[in-house]
Amino acid sequence: MRDKRVDYKKCCLRQLNFFKRAMKIEQGKSPEISFKCEICRSPSSIINILPIRQQDGKLNTLACDKCAEKSGAFCTTHQRPHLGFEDGTTACKVCIDEKVATDTEKITNEFFSKIKNSPHKKRILEELDNWADSVYGITGLPYDVNVSRAVVTTALRLKKTPEEIVDQVSKEGPGVILPWAKEKDED
Ligand SMILES: [Zn+2]
Ligand SMILES: [Zn+2]
């Protein structure tokens, strides 16, 4: 009987520690209890939550600094994990913001001059109008910024340049930057 009670107490303590640790992680602090990196399996006091799916279905991978930097899902310039996307690709949010802030004019000029000669011109403009309208309703960002953001995000996810993405949209259709338009591209 006595042993059981001890076990119960231990179990409660363990749960309490688990929640304490989880709360600290949620607040963005590293817990002082070391954890095991899910990539190299060595203990580490720093946790990076990477948007890398695991075989058991988990959507994130907890990694030490070294593994994070090598993972491809961590921005070494901004020292932060990437955002994860549904198809498994990732990109740094700050890199997207910076590129959009500096290059929007250049990107949209190129975009609209290329699209003029695209065989998919009508569909590209239709899909973009619908999408940019609905995004504007949420974020209030101007049309050009939304178009440039879609191009830049796709470029960083696919590790290509914005120019390459603009080319691809003009050749393949709006599905390149607007994933839900993809099915119609393939019809
Ligand atoms: Zn590691
Ligand atoms: Zn970055």
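Coordinate-derived values only; no laboratory data. The model shown is predicted, which means the values in this text are computed figures rather than measured ones. Using ideal geometry, Cβ is built from the backbone for each residue, glycine included, and neighbour counts are taken over all protein chains shown.
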Using a Förster distance of 45 Å, the FRET efficiency for Lys36-His78 (Cβ separation, nearest 0.05) | 0.95
Taking the Cα-to-Cβ direction at Ala101 and at Ile49 and moving 7 Å from each Cα, how far apart do the two end points lie in nm?
-> 2.5 nm
Taking 139-147, 49-57 and ranking on average Cβ neighbours within 10 Å, highest first, one gets 139-147, 49-57
Set the Förster radius R0 to 35 Å, insert the Cβ-Cβ distance between Leu125 and Lys66 as r into 1/(1 + (r/R0)^6), and round the FRET efficiency to 0.05.
-> 0.15
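Provide the convex hull volume over Cα atoms per residue for the range 93-186, in Å³.
Numbers: hull volume 8.4 nm³, N = 94.
Taking the convex hull of the Cα positions in the range 93-186, it is 89 Å³ per residue.
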